[in-house]
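Visitor: Once you've had a glance at the structure underneath, I'll fire off some questions.
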Amino acid sequence: MREASVQMPPLRELVAFGVFSCFLALSVVLGYHIVLEGGFDGTLDQNRIIPYTPLDIVAFFFISATVFVFSFAAFFALRSTGVKSKIRTPPSDTLSPLDARWVIGLAAIMFVAWIPYVLAYWPGLVFGDSLSSIRQALGAQEWSNHFPVAYTLILKGCIAITGAIGFDATAGCALYSIMQMLLMALAFGFLCRWVTVRACVNGLWGIIIAVLLGLLPHIATYSIAMWKDPLFSAAAVVASLLLMDLALSRGYVVRSRWWWMPMFAFSLLAMALLRNNGLYVVAFVSTALLVMAAASWRRDKEHNLVKATLCGFAVILVAFCITGPLYAAIGIKEAPRAESLGVPLNQMARVVATGGSMTEDDKAYMDSILPIELYPEAYRPSLTDNLKTDDSFNASALEDGFFEHWLSMLWQNPQLYFESWELQTCGFWTVNQIDTLASNENISGGLPRNLKPLGNEAGIHYENKLGSDELRVTLFPLDEWAVPAGIINWAIVYLGICLLLLKRSGWVIGLVPSLGIVMTLLVATPAYYWPRYEAACYFLVPFYIATALMLARSRQTTT
C-alpha cells in the first residue's frame with residue numbers, strides 16, 4: 001500500500017510567511033530593548049535603547065520560527081476550509097443592498113448610547129487644539145492650516161448657528177459634538193450593516209457590534225472629542241467599505257449604485273481636508289486604484305475601475321487647489337513645514353544631542369535651526385513637539401537645504417538615525433513594548449480642559465450635566481485600555497498577505513486606507529504612540545474580521 005505523499009507548500013507561501021515572521025520577530029527583539037521611562041516627554045536618559053547581546057540573535061531565530069509555524073498554520077486552516085462545507089455567496093457582479101433603515105437603526109443605537117457622554121463632559125471634550133480652532137472661528141486668532149481649516153469651518157458654522165438664535169460658543173461646541181456623534185454613528189451604522197450583509201451572518205451580529213461600539217469608552221469618547229481625528233477616521237471607515245464593495249463587485253457597483261461615486265468622492269475629500277496626512281493617504285488609495293484598474297483593463301469593459309481611479313485623482317487635485325492657491329489667496333497660513341518633518345527632524349536632533357558625526361556645514365545648518373548647545377535639553381527621543389516649540393527654534397531654516405543635510409548626516413550616523421526612528425514610532429509597530437501595551441490614556445493624554453481649565457478658554461464653559469462626578473467616573477470614564485495599535489497593524493499586514501496568496505488580491509484595496517494611515521505615521525508621527533492618530537484602524541476591526549470570514553467562505557465555494 002502506497003503511503004500518501006506530503007505536498008510541499010508553494011514557494012511563494014513559504015517566502016511570504018518567512019519574511020513576515022522575520023520582520024515580526026525583529027520588531028519583538030527591538031521592542032524588548034526600548035525603554036520609555038519618561039513617556040512622551042522623556043529625556044535622553046529616560047527614553048533609551050538598552051544594549052543588545054548575543055542572546056538576541058538566538059531569540060530572533062526562535063521567535064521567527066515560532067511565528068512562522070503559527071502564522072502558516074492559521075493560513076493553512078484558512079486555505080483548507082473548503083473541505084468542511086459549501087456555503088454559497090452571491091455572484092461577484094452583484095451586491096446585496098444594505099437597506100438604509102437598518103443603517104439608521106444601528107446608528108440610532110450608538111447615538112443614544114453616546115448621549116450620556118456628551119452630558120457628562122458638556123459641551124464635548126475640549127483640548128488645546130480645539131481651543132485654537134475655536135479662537136480662529138471666533139476671529140480671535142489668525143487662521144492657519146496647522147489645524148485644518150475644514151475642521152475649523154465646521155466649528156465656525158456650528159457657533160454661527162447657535163449664535164444666530166442667541167446662544168454662546170459653548171452651545172456651538174455642543175452642537176458640533178452632537179453633529180459629530182451623528183456622523184460617526186451613521187458611518188458605524190454603515191459598518192455594522194455592511195459586516196452582516198457582506199459576510200452573510202445573522203443581522204443580530206450587527207446589533208451586537210453596534211451595542212459594543214456604543215458602550216466601549218475608548219470608542220464613545222471619540223464621538224465627543226473635539227479633535228479633527230474622529231471625523232477623519234469616520235471618513236476612512238466609509239472609504240474602506242466602499243473600496244471593498246468596488247473589489248467585490250469587480251467595479252460593477254460604480255454603475256449599479258448611483259450613490260457610490262458621490263459618497264466615495266466625499267469620503268476621500270473629507271480625508272484630504274480634515275487632516276494634514278490625509279492627502280497622502282488619498283494619493284496612496286488613488287495609486288492603488290490605478291494599479292487595480294490597469295490589471296483589470298481587459299475584464300472591465302465599462303471601465304468602472306478607471307472611473308473610480310479618476311475620482312481619486314480628481315479629489316487630490318481639488319484638495320490641492322483648496323489647501324494651496326485658495327487658502328493662500330484668502331490669507332490662510334500654511335501648516336508649518338516642521339509638522340511634516342517630525343521624524344527626520346528628530347533624527348538630526350539626536351545626532352547633535354548625542355555628539356554624533358557632522359561636517360562643519362551640517363553643524364552650521366543645525367545651529368541655524370536651534371543653537372547647538374540647546375539640543376541636549378530640547379531634544380526628546382519620543383516627541384517632536386518639545387523641539388518645535390522651543391523659543392529659539394527657527395522654523396524658516398527648514399525651508400532651504402533640509403534634505404541635503406538630512407542625507408549627509410544619515411550617511412555619517414545610520415545607527416543614530418535608526419535609533420531615533422525606533423524611539424519615535426515604536427508604539428505603532430511593536431507588540432511587546434511595555435509602556436505601549438499598558439497605555440490607557442488616549443483621551444486624558446490630550447489634557448481635556450473639561451476637568452482642568454488652564455486659563456483663556458475662549459468663553460467655553462464646562463459642565464457635568466449628570467450632576468455626579470462619581471457617576472461620571474464610574475460609568476463614563478475618559479480612558480480605557482484598548483488593543484495596542486502595533487498588534488492591529490501586524491494583523492492588517494497578515495490579512496493582506498492571506499488575501500494575496502489566496503488569489504483575492506483585489507480585496508486588498510479595502511485595506512489600503514488603513515495601510516496608508518499607518519505608513520504616514522511611520523514616517524511622520526509627532527509622538528511614539530497615540531491611538532487617536534490611527535483611530536480608523538480601531539474602528540475598522542469588525543471590517544477586518546468580516547474580510548477574513550469572507551475570505552474563508554470564498555474558499556469554501558471554490559474548493
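Visitor: Quick one: which of S286, S267 is in contact with a Phe, Trp or Tyr (Cβ under 6 Å, 6 or more places away or on another chain), at pLDDT 95 or above and open to solvent by less than 40 Å² (accessible area, probe 1.4 Å)?
Guide: S286
Visitor: Something else: Taking the stretch 175-195 on its own, how many of its residues are surrounded by fewer than 22 Cβ atoms within 10 Å (Cβ to Cβ) and within 18 Å of E463 (Cα to Cα)?
Guide: Within the stretch 175-195, residues that are surrounded by fewer than 22 Cβ atoms within 10 Å (Cβ to Cβ) and within 18 Å of E463 (Cα to Cα) number 2.
Visitor: Which condition number in (1) outside any helix (DSSP H, G or I); (2) open to solvent by 90 Å² or more (accessible area, probe 1.4 Å) is the one that F23 fails?
Guide: Exception for F23: condition (1).
Visitor: Can you tell me how many residues within the stretch 450-464 are open to solvent by 40 Å² or more (accessible area, probe 1.4 Å) and either among the acidic types (D, E) or within 17 Å of R532 (Cβ to Cβ) (or both)?
Guide: 1
Visitor: Also, quick follow-up: Select from the stretch 519-541 the residues that are surrounded by 23 or more Cβ atoms within 10 Å (Cβ to Cβ) and either more than 22 Å from M226 (Cβ to Cβ) or among the small types (G, A, S) (or both) and list them in ascending order.
Guide: Listed by number, the residues that qualify are Y528, A535, A536, L540.
Visitor: Quick check: anything in the stretch 129-137 touching a strand residue (DSSP E or B) at 6+ places or on another chain (Cβ under 8 Å), at pLDDT below 95 and crowded, with 21+ Cβ neighbours inside 10 Å?
Guide: Yes; the residues of the stretch 129-137 include at least one that is touching a strand residue (DSSP E or B) at 6+ places or on another chain (Cβ under 8 Å), at pLDDT below 95 and crowded, with 21+ Cβ neighbours inside 10 Å.
Visitor: Further question on the same structure: Please specify each residue of the stretch 196-228 satisfying the condition of being within 19 Å of the chain's Cα centre (by Cα) and either within 19 Å of G105 (Cα to Cα) or open to solvent by 30 Å² or more (accessible area, probe 1.4 Å) (or both).
Guide: Selection gives L213, L216, H218, I219, A220, S223, K228.
Visitor: So F428 clears everything in (1) crowded, with 19+ Cβ neighbours inside 10 Å; (2) over 28 Å from the mean Cα position of the chain (by Cα) except one condition, right? Which one?
Guide: The failed condition is (2).
Visitor: Here's another thing I want to ask about it. Inspect all residues belonging to the stretch 401-418 and state whether any of them is under 21 Å from T520 (Cα atoms), in contact with a strand residue (DSSP E or B) (Cβ under 6 Å, 6 or more places away or on another chain) and in a helix (DSSP H, G or I).
Guide: No: the stretch 401-418 contains no residue that is under 21 Å from T520 (Cα atoms), in contact with a strand residue (DSSP E or B) (Cβ under 6 Å, 6 or more places away or on another chain) and in a helix (DSSP H, G or I).
Visitor: Another one. Give the residues of the stretch 314-346 that are under 27 Å from L511 (Cβ atoms) and surrounded by fewer than 17 Cβ atoms within 10 Å (Cβ to Cβ), sorted by residue number.
Guide: Once the filter is applied, which keeps residues that are under 27 Å from L511 (Cβ atoms) and surrounded by fewer than 17 Cβ atoms within 10 Å (Cβ to Cβ), the stretch 314-346 yields A314, L317, V318, F320.
Visitor: To continue, here is another question. Within the stretch 131-149, restricting attention to residues that are in contact with a helix residue (DSSP H, G or I) (Cβ under 8 Å, 6 or more places away or on another chain) and part of a helix (DSSP H, G or I), which residue is farthest from M179 (Cα to Cα)?
Guide: Looking at the filtered set, the residue picked out is Q136.
Visitor: Can you pull out every residue in the stretch 536-548 that is within 14 Å of M244 (Cα to Cα) and either of a type outside the set (F, W, Y) or in contact with a strand residue (DSSP E or B) (Cβ under 7 Å, 6 or more places away or on another chain) (or both)?
Guide: L540, P542, I545, A546, T547, A548 - these are the residues of the stretch 536-548 that are within 14 Å of M244 (Cα to Cα) and either of a type outside the set (F, W, Y) or in contact with a strand residue (DSSP E or B) (Cβ under 7 Å, 6 or more places away or on another chain) (or both).
Visitor: Have a look at A552, A491 and point out the one that is under 26 Å from G189 (Cβ atoms), open to solvent by 30 Å² or more (accessible area, probe 1.4 Å) and part of a helix (DSSP H, G or I).
Guide: Only one candidate passes the filter, namely A491.
Visitor: Right, next: Right, L511: surrounded by fewer than 22 Cβ atoms within 10 Å (Cβ to Cβ) and assigned to a helix (DSSP H, G or I) or not?
Guide: Taking the combined requirement at face value, the residue does not satisfy it.
Visitor: Take L499 and tell me if it is among the hydrophobic types (A, V, I, L, M, F, W, C) and either surrounded by fewer than 20 Cβ atoms within 10 Å (Cβ to Cβ) or closer than 25 Å to A295 by Cα (or both).
Guide: yes
Visitor: Out of (1) over 26 Å from M226 (Cβ atoms); (2) open to solvent by 40 Å² or more (accessible area, probe 1.4 Å); (3) modelled with pLDDT of 90 or more, the odd one out for E419 is which?
Guide: The one condition E419 does not meet is (2).
Visitor: So, one more: Just give me the residues in the stretch 162-195 being β-branched (V, I, T) and touching a helix residue (DSSP H, G or I) at 6+ places or on another chain (Cβ under 6 Å), in sequence order.
Guide: Hits for the stretch 162-195 are T162, V195.
Visitor: Answer yes or no as to whether I497 is farther than 26 Å from V351 by Cβ, of a type in the set (A, V, I, L, M) and not in a loop (DSSP other than H, G, I, E, B).
Guide: In short, yes.
Visitor: A follow-up question, please. Any idea which of (1) out of contact with any helix residue (DSSP H, G or I) (no Cβ under 8 Å at 6 or more places or on another chain); (2) under 21 Å from G39 (Cβ atoms) is the one T474 doesn't satisfy?
Guide: (2)
Visitor: Another question, if that's okay. Could you list, in sequence order, all residues of the stretch 472-488 that are without any contact (Cβ under 8 Å) to a residue 60 or more places away in the chain and open to solvent by 20 Å² or more (accessible area, probe 1.4 Å)?
Guide: Residues satisfying the conditions are V473, T474, V483, I487.
Visitor: Assess whether S256 counts as being buried (at least 24 other Cβ atoms within 10 Å of the Cβ) and on the phi < 0 side of the Ramachandran plot.
Guide: no
Visitor: Then there is this: Can you name the condition, by its number, that A546 falls short on among (1) in a helix (DSSP H, G or I); (2) open to solvent by 30 Å² or more (accessible area, probe 1.4 Å)?
Guide: Condition not satisfied by A546: (2).
The values are calculated or read from the model by the stated rules, or taken from the named source; none is laboratory data. This one's a predicted model, so the numbers in the text were calculated from it and none came from an experiment. Neighbour counts run over all protein chains shown; Cβ positions are idealised from the backbone, glycine included. Quick note on the areas: whole protein, heavy atoms, side chains included, nothing else; ligands and nucleic acids left out. Shrake-Rupley method; radii C 1.70, N 1.55, O 1.52, S 1.80 Å.
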